Amino acid sequence: MYDETPGAANTLDEQDIVALTKRPSDAYNEVILQADYTTRAALSFYRFRQLGGDYHLPRKKKQKASNSPQGGETEASPRHEKLKLNQTTGRGVHYISSHPKVPMLQMSIIALMIIFESAANAYFFAKQSEFGLAGGIFQAAAVSLANVATAFFIVGYWGMRHISMPIDWENIFSRRNLYVLMGLIAIIIGLSLVFLVNLSAAHYRNILDMQALGQSLPEGLPTTVFPHFIVNPAVCEEILKSPLGDTIGSAATNAMCRPFALHSLDAMVLFALGLAIAAFAAFEGRRRDSPFPGFSDAARGLERARVELRDALYDFEDSYEDIKEVVLEVKYGEDEMEDKKLSPREKMIIHRTMAEMMAPYQELLRTTDDGLSDEFGLEHKIIDQFKAKTGQ
């Protein structure tokens, strides 16, 4: 073994250099820490993908064992049995997480949509607004924000995203089916709100035109036409025939009681524009995250953990010069190491040792065949078939 006596050149064999390379260091400790995070993130991700978002599998019905000597009932499988291929195909998550790589970019698109719709609506509102262009812009911004936010979050993010999940027919009361039901309810509520917001804005514009021209809607317009938004027709008649019915305050009532009683081209264009932007916002909301709640969080967690581990491995590789200095200091002493160099063989030993130290952690940066086989119970010949189909 090496002798750390200062001022004397020690003879270091291969084991000594390996031991010096493997000495604890901040760079290597960071690799171990990030590897632990990555392992936990990978287990969380693969377990989520395996179970399809449910924490447990439904308990299968007991069936009689025909070959059982007792002839009694046996349970088909335990509650937490490792999933096989046919079970995984029916319950698991089998696509790449669709979350955007740059969420701020998507939110910027939504902000631009609100600005564009506000500018377009301001043109229609400002003509007859008593506050002019400034008042029209304020009113338009409020309508646009309500329209886009409702379509993006309620219709797209909660509704369309969740109903795209396959229904779990084996366990009707599973969390997955609950999310599907919540998504359907969100779409119904969201679409009703979107229609009401845009119809109210169109009727508001319609009333402004009638006031400017000194006109009024003809008597006897029906208030029971489809769609009718759960308002008693008698109540509609009372409100619309009152003094309020001739003011802009009745825009929402007109939208609920006689939604398509529009005569203004500007009002119709405003309604069509609002629906088009709402549809685009709903589509963006659908793409905001994975349909399976929590799947994109697990995927993002694994991505972040792997990036941090990769950076830690790069930092450990960069510590090669520091390890060389340690070996030189032990070999020649701190006072005489300035002009000394390690031999090519000694450098190669350091490189090889560092590569061996990093090899187990580099496996965490990719999905291996053994990992798939262990997590999903897949045979390697099945994994080879998957890879052949994808051209890997």
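The values are calculated or read from the model by the stated rules, or taken from the named source; none is laboratory data. These figures come from a predicted structure and were not determined experimentally. A quick note on method: Cβ atoms are made from the backbone with ideal geometry, for glycine too, and the neighbour counts reach across all protein chains shown.
Quick notes on this structure:
- Total residues in the range 237-294 satisfying the condition of being farther than 30 Å from His162 by Cβ and part of a helix (DSSP H, G or I): the figure is 22.
- One residue stands out among those in the range 165-208 that are of a type in the set (A, V, I, L, M), under 17 Å from Asn147 (Cβ atoms) and under 21 Å from the mean Cα position of the chain (by Cα): the one that is surrounded by the fewest Cβ atoms within 10 Å (Cβ to Cβ), which is Ile187.
- Only one entry of Gly135, Gly214 meets the criterion of being on the phi < 0 side of the Ramachandran plot, more than 34 Å from the chain's Cα centre (by Cα) and modelled with pLDDT under 90, and that entry is Gly135.
- When Leu244, Leu262 are screened for being crowded, with 18+ Cβ neighbours inside 10 Å and over 18 Å from the mean Cα position of the chain (by Cα), only Leu262 passes.
- Count - residues of the range 304-340 that are under 19 Å from Thr11 (Cα atoms) and out of contact with any helix residue (DSSP H, G or I) (no Cβ under 8 Å at 6 or more places or on another chain): 11
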